[in-house]
Amino acid sequence: MKKIIALCTTFVLVSALTAVLSTTSFASDTQQTIDTNLAQDLALDSTATSTAAVEDNISKIDLKSFKSKFSTSITELNQLRATCKDLWTQIKSSNVDIKTQWKNLKTSLSDKDKAEKKNILADVKAKLDPDRTNLKTLHSDIKAIRAQKTAEWVNFRAAVKSRDEVKASAALNNIISLKKQIIEKQRSILSLKQEIFNIIKSDIT
């Protein structure tokens, strides 16, 4: 009988320990997943920002023939470039804010019960996942728009070289339109970043 009681006691203790370890492992794994996810988002933004710096560069040689005729479009394009650059700066700043809030959340969980920490992290991850999916889609959209814009620059330079003002103007207008589309995608990214910031902040106690 004593052996049976001892075995039952051991089983109960092992089960309890397994449950604790399982909860701890889940909490740790989920936290690490969120860490990794946020780092991946930051990498996407950083890559997009760095490549934006070399976009839409019109050389003097390209415009030697039609500079005066395209001056209005060039001015608009330069303004769009400035807006685009500013938005990437804002996105970069929002990532810093998100990183700070995530650090604050992890600190606030340090004294939580393991089960409570598990529930909070699972909830945060579930809330963040849809926004992260949308962010990836937006970055993919920007990449595709940039590819179209690159093709239009080829068309523009070919038209300038052949002194075809109509085709050059059409290509430049398409470039401007595509640039505006990128800016709208950037604004959507900023909006999602704010949502992510608010989600993390709301769970800080």
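Just so it is clear, none of the values below were taken in a lab; they were calculated from the coordinates. What you see is a predicted model, and the numbers here were worked out from it, not measured in a lab. Neighbour counts are summed over all protein chains in view; Cβ atoms, including those assigned to glycine, are modelled from backbone coordinates with ideal geometry.
According to the square roots a ≥ b ≥ c of the eigenvalues of the Cα gyration tensor, what is the shape class of segment 63-141, taking rounded for a/c under 1.5, prolate for a/b larger than b/c otherwise, and oblate for the remainder? Please report the intermediate quantities before stating the final value.
Details: a/c = 7.85, a/b = 3.30, b/c = 2.38.
Taking the square roots of the gyration eigenvalues as a ≥ b ≥ c, segment 63-141 is prolate.
Let me check I've understood the local charge: for residue 145, count other residues with C-beta under 9 angstrom from its C-beta, Lys and Arg +1, Asp and Glu -1. What total comes out?
Combined, the nearby Lys, Arg, Asp and Glu give +4.
Using the Karplus curve 6.51 cos²θ - 1.76 cosθ + 1.60 with θ = phi - 60°, work out ³J(HN,Hα) for each residue of segment 72-80 in order, rounded to whole Hz, and write x for Gly and Pro.
Here the 3J(HN,Hα) series is 5, 5, 5, 4, 5, 4, 5, 5, 5 Hz.
Could you pull out which residues in segment 158-202 have an amide N less than 13 Å from a spot 7 Å beyond the Cα of residue 72, following the Cα-Cβ vector?
So the set is 173.
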